[in-house]
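The values are calculated or read from the model by the stated rules, or taken from the named source; none is laboratory data. Remember, predicted model here, so these are calculated numbers, not experimental data. Here the Cβ positions follow ideal geometry from the backbone for every residue, glycine too, while neighbour counts run over all protein chains shown. We work out accessible area using only protein heavy atoms, side chains counted, and drop any ligands, DNA or RNA first. Shrake-Rupley method; radii C 1.70, N 1.55, O 1.52, S 1.80 Å.
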Amino acid sequence: MNIKDIQLPAIPVDFVLQQGEKEHTEAKRRPYSTLIRTWAEHEGKAEVGDMIANKLNLGKESDKLKNLQDLPNSVAPKYRKGAKAEKLVNTVRLINDRIQNDSNWTWALVMKVMLDEGLLMVNIPNKFDRLICSMIPDKNRDTVRKNGDYSVIDDSRSWHNWITNPHDNWREATNYEVCQEIYSYLESIF
């Protein structure tokens with residue numbers, strides 16, 4: 001059977017929302033939320049997508065954010081408390097969704113950007129792993145530490161100074177592009 005011979009109508013956002021609401025944990029609802037947000041962004045209606053996807057929040061996660069304790073000492077002092085800490089946690093969760101859907105994005109590159117921008121004070125992948133896992137519900141330890149080539153954090157050059165021409169060094173140029181995108185996620189925190 002040829003898949004082109006089968007015709008199905010587009011899946012309405014209401015249906016995706018209803019399916020997501022049947023799930024009982026934030027982790028199981030997250031793919032539905034991500035799908036709604038991604039589709040809305042594709043259609044140029046990101047704000048509407050956020051409003052609809054927020055209906056999938058169980059409330060436990062937002063309560064957790066309200067009761068957020070100070071972030072660990074591996075985070076620079078001005079980002080550890082209050083609104084900046086809450087924004088950082090929300091941004092890390094968005095980055096996590098992107099990493100799950102884009103093989104070029106890695107936690108190692110996220111760590112490099114955070115280090116170079118002064119958000120992190122410690123360049124130890126194990127501590128970074130614990131920090132990220134503390135911000136993302138249901139994130140298993142060691143998944144962050146094993147995601148990417150952490151030798152990038154040993155590069156004494158800032159990611160801003162990496163080669164941008166893929167003909168000179170395609171890997172570094174690709175990493176530079178990804179770091180630019182990661183920075184755009186984090187920029188509002190700085």
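State the number of residues belonging to region 18-42 that are over 21 Å from the mean Cα position of the chain (by Cα) and either within 18 Å of Asp97 (Cβ to Cβ) or crowded, with 17+ Cβ neighbours inside 10 Å (or both). It would help to see each step written out before you state the result.
Taking region 18-42 first, the residues over 21 Å from the mean Cα position of the chain (by Cα) are 18-19, 21-24.
Checking which are either within 18 Å of Asp97 (Cβ to Cβ) or crowded, with 17+ Cβ neighbours inside 10 Å (or both) leaves us with 19, 23.
Summing the residues that are over 21 Å from the mean Cα position of the chain (by Cα) and either within 18 Å of Asp97 (Cβ to Cβ) or crowded, with 17+ Cβ neighbours inside 10 Å (or both) in region 18-42 gives 2.
With the structure loaded, tell me whether Lys127 is of a type outside the set (Ser, Thr, Tyr), open to solvent by 70 Å² or more (accessible area, probe 1.4 Å), part of a helix (DSSP H, G or I) and modelled with pLDDT under 95 or whether it fails that test. Against the criterion (of a type outside the set (Ser, Thr, Tyr), open to solvent by 70 Å² or more (accessible area, probe 1.4 Å), part of a helix (DSSP H, G or I) and modelled with pLDDT under 95), Lys127 qualifies.
Residues of region 118-163 that are under 16 Å from Tyr183 (Cβ atoms) and of a type in the set (A, V, I, L, M, F, W, C): Leu119, Leu120, Val152, Ile153, Trp159, Trp162.
State which residue is most open to solvent (accessible area, probe 1.4 Å) when the search covers only region 130-150 and only residues that are at positive phi and at pLDDT below 90.
Step one: of region 130-150, the residues at positive phi are 138, 142, 148.
From what's left, at pLDDT below 90: 138, 142.
Working: Asp138: 105, Asp142: 61 Å².
Looking at the filtered set, the residue picked out is Asp138.
In region 165-177 there is no residue that is within 28 Å of Tyr32 (Cβ to Cβ), open to solvent by 30 Å² or more (accessible area, probe 1.4 Å), part of a loop (DSSP other than H, G, I, E, B) and not assigned by the TED database to the domain that holds Ser33.
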